[in-house]
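This report refers to the structure that appears directly beneath it.
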Amino acid sequence: MENKRPLLLIVLLISLSCLSFLVYQTDHQKREVKEDLIELSNIKYGLFNVDEWKKIMVNVLTKKIDEFELDKKNKKQMKKKVSDFLTKVIGDLETRYYEQNSGSISGFFRNGIASVTGTFDKIKQDIPIFTDQILDFLNDPKNKKALKSYLASKLNEYADNTFAKLDYAVHDSIISKYKLTDRPSTIFFLGTKLNALQETSNNYKYILVVLALLSASFIFITKTLNKLELMLLTAICFLFLILGLSLPMIEIDARISDMTMSLLGEQIHFQDQVLYYKSKSILEVVRLMMAQDSPDLLLVGFLVFIFSVLFPLSKLVSSLCLVSFPNLKSNKLIYFLVNKTGKWSMADVMVVAIFMAYIGFSGILTEQLHQLESLSSKMEVLTTNKSSLQTGFFAFTAFVLLSLLTTHKLKTITGNTVDPGQTAS
């Protein structure tokens, strides 16, 4: 049975190597599709987009104009409103005319002529004719079309002069990238593709967990490990570490899943409006912090790199050296890296911190989104928190656990290492 143990670990290592390549490749494709989908679903192109609201307003006004028809019921009401309006306008015009011409001889004669000839009285008598002409004008399909064009042009002019123009460079590049014609069709295509990649990624994630459990079970069951077995286990830990560092650990995704409101009696819908999205791996976070000008962020990025990247890697390399050359157990550097960096490394703390951050972010986002839902009783708002732990978190957690178990088993072939400094004294 002992002769088959290295073979089992070799099979695990080869399987994990192949799986790591597939996981990284799938995750890279998924992130590219997800980022494009998030960009197109951003609220700046939807609920906060002036161009979108211009289209909505034009459609609503056009529909209302098309629905305007004079029948026996509303024609009588409309005729009375137009007649009253014309009567008021003509009455105001008559009053202003007499007031403007008062106070001068020429004005006195103009007022007298208007009064004798009954100019304004004749105009008032023609109000029913004017009313019918106005109603016929409004009911004419040609005039409706001209009115719709006029309102659309004025609405566009007002919006362009009032609001800043949105840059569509990234938006258009994504649509052309997938050789599609518009944003809705591109969103549908990307959503379908993302679901397929997500299903494949989930399957790989389950297999990854199974391989981690098999490796841990092997360490628990085996009382003593030989050099080859320890080297293979260290290589397995190394693969999990690389995946944990290079793949995103947590994904923060807050969005309005559905918003419904009423405008002039018409229902308006906005769906999947992304409010905030962020997904980064440890290496990406370190690179982002190191690229900043702030000394505080530079320091934090450097510390995260030292304690969560450099120390775990150096510990694995030192473990391999110690397994290959047991005489190195008296080397101070090897002793420190194998036995002391565990106290300095933040790998286990990182796992707990990320998990707690996920819980905290999830709770905060859920609470804030629920408050958004209750802002107005005149609109229906459904929000969703799609934040989730990613493959990188599970791979990094597997590395932490397997690394601790492997380091413990390392004593089976090196013996209880003694601090070289104490030996020298």
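The values are calculated or read from the model by the stated rules, or taken from the named source; none is laboratory data. Just so it is clear, the structure is predicted and the values come from calculations on it, not from any experiment. Here the Cβ is made from the backbone with ideal geometry for all residues, glycine too, and neighbour counts use every protein chain on show.
Side notes on the structure shown:
- Meets criteria (in a helix (DSSP H, G or I) and closer than 30 Å to T406 by Cα) for L322: yes
- Restricting attention to region 249-259, the residues being within 30 Å of V210 (Cβ to Cβ) and either free of Cβ contacts under 8 Å to residues at least 12 places away in the same chain or surrounded by 21 or more Cβ atoms within 10 Å (Cβ to Cβ) (or both) number 1.
- Test: residue in region 287-297 that is touching a strand residue (DSSP E or B) at 6+ places or on another chain (Cβ under 6 Å) and either under 30 Å from S41 (Cα atoms) or of a type outside the set (D, E, K, R) (or both): no
- Hey, S215 of a type in the set (G, A, S) and either under 19 Å from I14 (Cβ atoms) or under 24 Å from the mean Cα position of the chain (by Cα) (or both) or not: yes
- Candidates D167, D172 - the one that is within 27 Å of I38 (Cβ to Cβ) and outside any helix (DSSP H, G or I): D167
- Only residues that are in a strand (DSSP E or B), exposed (fewer than 14 other Cβ atoms within 10 Å of the Cβ) and among the basic types (K, R) were counted across region 260-307, and they come to 1.
- Neighbours by Cβ (under 8 Å, 6+ apart or cross-chain): first from region 149-177, closer than 15 Å to E52 by Cβ; second at pLDDT below 80 and among the aromatic types (F, W, Y): A159/W53
- If the condition is being surrounded by fewer than 22 Cβ atoms within 10 Å (Cβ to Cβ) and part of a helix (DSSP H, G or I), then region 217-231 contributes S217, F218, I219, F220, I221, K227, L228, M231.
- Cross-chain or 6+ apart pairs with Cβ under 7 Å, region 127-138 first and in contact (Cβ under 8 Å) with a residue 40 or more places away in the chain, then surrounded by 15 or more Cβ atoms within 10 Å (Cβ to Cβ) and of a type in the set (S, T, Y): I127/S83; P128/S83; T131/S83
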